[in-house]
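The values are calculated or read from the model by the stated rules, or taken from the named source; none is laboratory data. From a predicted model like this one, the values you see are computed outputs, not experimental measurements. All Cβ positions, even for glycine, are placed from backbone atoms using ideal geometry, and neighbour counts span all protein chains on display. Ligands, DNA and RNA are stripped out before the accessible areas are found, and what is left, the full protein with its side chains, is counted by its heavy atoms. Shrake-Rupley method; radii C 1.70, N 1.55, O 1.52, S 1.80 Å.
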Amino acid sequence: MYIPNQTAFTAAEKIILDTVLQVKTMLTGMSAGTKIETENGWRNVQDLRAGDRVFTYDGGLRELIGMEHNVVSAALGHSLVHVPGGVLSNCDDTYVAPDQLLLLESHFVERETGRPNVLVQARDLCGLGGISTVPVENQTQLFAPIFAQQEIVWANSGMLFHSANATSNFFAQPGKSQVQAILQDMFADHDDLMPLAA
């Protein structure tokens, strides 16, 4: 093999494998068919493009700068979190990635945390309200809107979905035990939504 310069090499870049693997295994997004509120009405998330304007939690229209796409696969043992219609004010069954951040707001949240709203990972909601982990069949593509800054968007009418490109520096993120306490309060009057005793 011909090498034009056998004496000059660029410095090697050190890669920390654990960090790379962690980034690759963090999955966010919602499944195709999830409706997002835009200035032109409710649209399927997979049809959104950069430049579309989406209604956000603070009431303003914000322009998408792109869409994040993730693929989850049965072959890799991936799963999704299923939120039955109505449980988080969503008008229909909604499927999101386990790592996806969702915003919870209610007087139950404030009573438990002292804040009106908190961000939680979808996986931490499993076990109450019929929210559960479901295996992926074959391959499923997930979609998440990207904005110039952190935003919360409406999904399937009432679910509050954190944008893909930012970690939260505004909303509190309680631990799993505190999230479970919030959910216990939220669903205490709905025996049909409580988990079965082990």
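Quick one: in region 88-145, which of the residues that are among the β-branched types (Val, Ile, Thr) and open to solvent by less than 20 Å² (accessible area, probe 1.4 Å) is modelled with the lowest pLDDT?
Only one residue tops the list, namely VAL109.
Suppose the filter is within 10 Å of VAL136 (Cα to Cα), in contact with a strand residue (DSSP E or B) (Cβ under 7 Å, 6 or more places away or on another chain) and exposed (fewer than 15 other Cβ atoms within 10 Å of the Cβ); does SER73 pass it?
For SER73, the condition - within 10 Å of VAL136 (Cα to Cα), in contact with a strand residue (DSSP E or B) (Cβ under 7 Å, 6 or more places away or on another chain) and exposed (fewer than 15 other Cβ atoms within 10 Å of the Cβ) - is met.
Tell me the strands (runs of 3 or more DSSP E) entirely within region 24-93 that contain at least 1 residues that are of a type in the set (Phe, Trp, Tyr).
In region 24-93, the matching strands (runs of 3 or more DSSP E) lie at 41-44, 53-55.
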